[in-house]
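**Q** Sharing a structure, written as structure tokens. Questions coming.
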Amino acid sequence: MTARFLRYSRSMADARKPPVQSRKRHALPAPARLVQAAEALFAQRGIDAVSMREIATAAQCGDTNAVSYYFGSKQGLLSAIFAHRAEQMDGLRGEMLAKLAEQGRLDDPLALLGILFLPQLDLVDEDGRHPYAAFMLHFATQYWSLTSALFAHTRDRAPHLLRLMQHLTALTGHVHPDIARNRILLCNMMLQCVLVRWDHGAPEDRPVPLHQHVRDVMMTARANLLAPSGEGDAVPASVEDWFTGLG
């Protein structure tokens, strides 16, 4: 176990203690401040538009090389943000999985998607926005893939997320594993896109309440997971296929 990992783990353990109402961000350990500042900046401007020096400054770290010191690289910081948020949600996800197990419903797609989706709704900032959702949209389109490497950082910190992923993957056993991973990723992105659009929408553009959008995403995601394989010639994959299919 590296010294860098120990520094990060101990500091994040301190950050996971129940917060005191009057506690200010600069009272948190440096790694926790870096994770918090980076998520906010990445959510606002995108990952490639933010430098590690900017993150250190926003986190009120005197050392502008703090990201490299604690996380090794920007990629290490991205993984730390994901692992931190996964751990925050893991206790609730464990309770929800246990409830499903009691009822023998661990193969219920809508219930499993609820475990994936609904805890994310509570990850809001002081303005009621969803920075984690915005961060994940950037992360998922540029850096992230549902591989064992991604979950290496969460194996000990978010075991219930890994169990959830196994159950969701089992529902997609009728398609290639790469297609299955992509389907789960797209399901999650649908929810996150709804949250980000809601955060940035004007009040007059919100005729439908957020909970109704969430329910619609749940139903759409279930259809996505269970859809039959698109292999064969019946489903067009190009303009030429489309015209050919019309005869």
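The values are calculated or read from the model by the stated rules, or taken from the named source; none is laboratory data. Because the structure is predicted, anything quoted here is derived from the model rather than measured. Positions of Cβ are generated from backbone atoms using ideal geometry, with glycine treated the same way; all protein chains shown enter the neighbour counts. These accessible areas exclude ligands, DNA and RNA; they are computed on the full protein's heavy atoms, side chains included. Shrake-Rupley method; radii C 1.70, N 1.55, O 1.52, S 1.80 Å.
**Q** Where does each of W198, W242 land when they are ordered by accessible area, with a 1.4 Å probe and the largest first? Let's see the in-between values first.
**A** Working: W198 60, W242 130 Å².
Of W198, W242, the descending order of accessible area is W242, W198.
**Q** Using the Cα centre of the stretch 44-203 as the reference point, and only Cβ charges (+1 on K/R, -1 on D/E), how large is the resulting charge dipole? Debye, rounded to the nearest 20. The partial results should precede the final answer.
**A** Details: 14 positive and 16 negative charges, 70 e Å.
So the dipole magnitude of the stretch 44-203 works out to roughly 340 debye.
**Q** Could you work out how far the C-alpha centroid of the stretch 175-238 sits from that of the stretch 75-110, in angstrom?
**A** First find each Cα centre; the distance between them is then 19 Å.
**Q** Compare D216, D241, D199 by solvent-accessible area with a 1.4 Å probe and give them largest first, with all protein chains kept in place. Before the final figure, lay out each step's value.
**A** On the way: D216 95, D241 70, D199 20 Å².
Result, largest first: D216, D241, D199.
**Q** Towards the positive end of the charge dipole of the stretch 201-247, with charges on Cβ (+1 Lys, Arg; -1 Asp, Glu), say which of L225, H213, V235 has the farthest Cα.
**A** Ranked along the dipole, the leading option is H213.
**Q** For a Förster distance of 30 Å, can you work out the FRET efficiency between the beta-carbons of Y143 and A234, rounded to the nearest 0.05?
**A** Details: r = 34 Å, r/R0 = 1.14.
For R0 = 30 Å, the calculated efficiency reads 0.30.
**Q** What ³J(HN,Hα) values, in whole Hz, does the Karplus curve 6.51 cos²θ - 1.76 cosθ + 1.60 give for the stretch 181-198 when θ = phi - 60°, with x put for Gly and Pro?
**A** 4, 5, 4, 5, 4, 5, 4, 5, 5, 4, 5, 5, 5, 4, 5, 5, 4, 5
**Q** Let a ≥ b ≥ c be the square roots of the eigenvalues of the Cα gyration tensor of the stretch 33-156; is it rounded (a/c under 1.5), or, if not, prolate (a/b larger than b/c) or oblate?
**A** It is prolate, given that a/c is not under 1.5 and a/b is the larger ratio.
**Q** While we're here: Could you calculate the FRET efficiency of N65 with H211 from 1/(1 + (r/R0)^6), where r is the beta carbon distance between them and R0 is 45 Å, rounded to 0.05? List each step's numbers first, then the result.
**A** Values: r = 44 Å, r/R0 = 0.98.
Taking R0 as 45 Å, the efficiency between N65 and H211 is 0.55.
**Q** From zero outward in steps of 10 Å, how is the percent of C-alpha pairs of the stretch 105-247 spread across the bins?
**A** 10, 34, 34, 18, 4, 0
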